[in-house]
Amino acid sequence: MLERLEAQMQAMQMLSKTQEVTADNLANINTPGFKGNKVFYQMVKEQVDGREVSRTIPRQHLDMSQGVLEATNNEFDFAIKGEGFFMVEGQNGERQLTRDGRFHIDPDGFLVDGNGSKVIGNGGPINMPDLIRATEANNGGGGMEVATDGTIRINDEVYDQIRTVGVEDPSQLERQGSNYFKATEEMLTEDHSSSIMQGYFEKGNVNPLNEMVDMMQTVKTFESQQRAIRTTDEMLGQATSKLGQF
């Protein structure tokens, strides 16, 4: 009976983890480039007090399905069609991956994301002071065009190329905040299959209807486990009370 109680408690812990993941997905529905997490369960075997015990533990993996590409007509908005990532460099010099391509030019001429992290090109952080000068000379029109392979042209001259990278095993990515991922160099691969779409951004790939259905199912299952635990506890109390009579 104690083993049954332990199994029910483990089930409730797994359901709580599932609910956390679902809540995080729903909270980021409107986050551009967001990739939701999916929960699955893995059976593992452990040695406990000299005996082999099987238990189920929750795991999660990154859902890399394509989000909807929405047109903005902003020359500094970019979306990746495919499974690649943009690479950006924070103020601390750490490089991270992202799918959020809403960029802009900072006062120093660097192409940066919404948090000020510098977008990486073929030669490092992309710096385009020429674009600023061209914009000023053309009364606001810099004439920047970005091809699907990331090649940047300013007034028809090749300037740089936005770098996109692939990840050999996305399940190994470490999420940092809503839209950044940390990866080691060993995990990265050259990305030749993705396309960069200028004037678009990628919506998050979370389906709110599916997430709400999952949440309701999780709540119902959690409540049934609560009732089962109460029943087991009552049976255990009765057994203990009867043993005390002898």
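The values are calculated or read from the model by the stated rules, or taken from the named source; none is laboratory data. This structure is a prediction, so every number in the text was calculated from the model and none was measured. Neighbour counts are summed over all protein chains in view; Cβ atoms, including those assigned to glycine, are modelled from backbone coordinates with ideal geometry. The protein model used for the area step is the full one, side chains on, heavy atoms only, and it has no ligands, DNA or RNA in it. Shrake-Rupley method; radii C 1.70, N 1.55, O 1.52, S 1.80 Å.
What the table shows:
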| read-out | value |
| --- | --- |
| Residue satisfying all of: in segment 35-57; under 30 Å from LYS81 (Cβ atoms) and surrounded by 10 or more Cβ atoms within 10 Å (Cβ to Cβ); modelled with the lowest pLDDT among these | VAL39 |
| Hits in segment 20-54 - residues which are within 30 Å of GLY199 (Cβ to Cβ) and part of a helix (DSSP H, G or I) | ASP24, ASN25, LEU26, ALA27 |
| Boolean, GLN91 is under 30 Å from ALA147 (Cα atoms) and surrounded by fewer than 12 Cβ atoms within 10 Å (Cβ to Cβ) | yes |
| Whichever residue in segment 160-202 is open to solvent by less than 50 Å² (accessible area, probe 1.4 Å) and without any contact (Cβ under 8 Å) to a residue 40 or more places away in the chain and, among such residues, is farthest from ASP130 (Cα to Cα) | MET187 |
| Considering residues of segment 189-200 that are part of a strand (DSSP E or B) and at pLDDT 95 or above only, the residue farthest from GLY101 (Cα to Cα) | SER195 |
| Residue among GLU145, GLU83, GLU75 that is under 21 Å from VAL206 (Cβ atoms), surrounded by 13 or more Cβ atoms within 10 Å (Cβ to Cβ) and modelled with pLDDT under 95 | GLU83 |
| Residue under evaluation LYS17, criteria (1) assigned to a strand (DSSP E or B); (2) closer than 19 Å to VAL213 by Cβ; (3) in contact with a Pro (Cβ under 8 Å, 6 or more places away or on another chain), criterion not met | (1) |
| Lone qualifier among ARG51, ARG102 - being in contact with a strand residue (DSSP E or B) (Cβ under 8 Å, 6 or more places away or on another chain) and not aliphatic (A, V, I, L, M) | ARG102 |
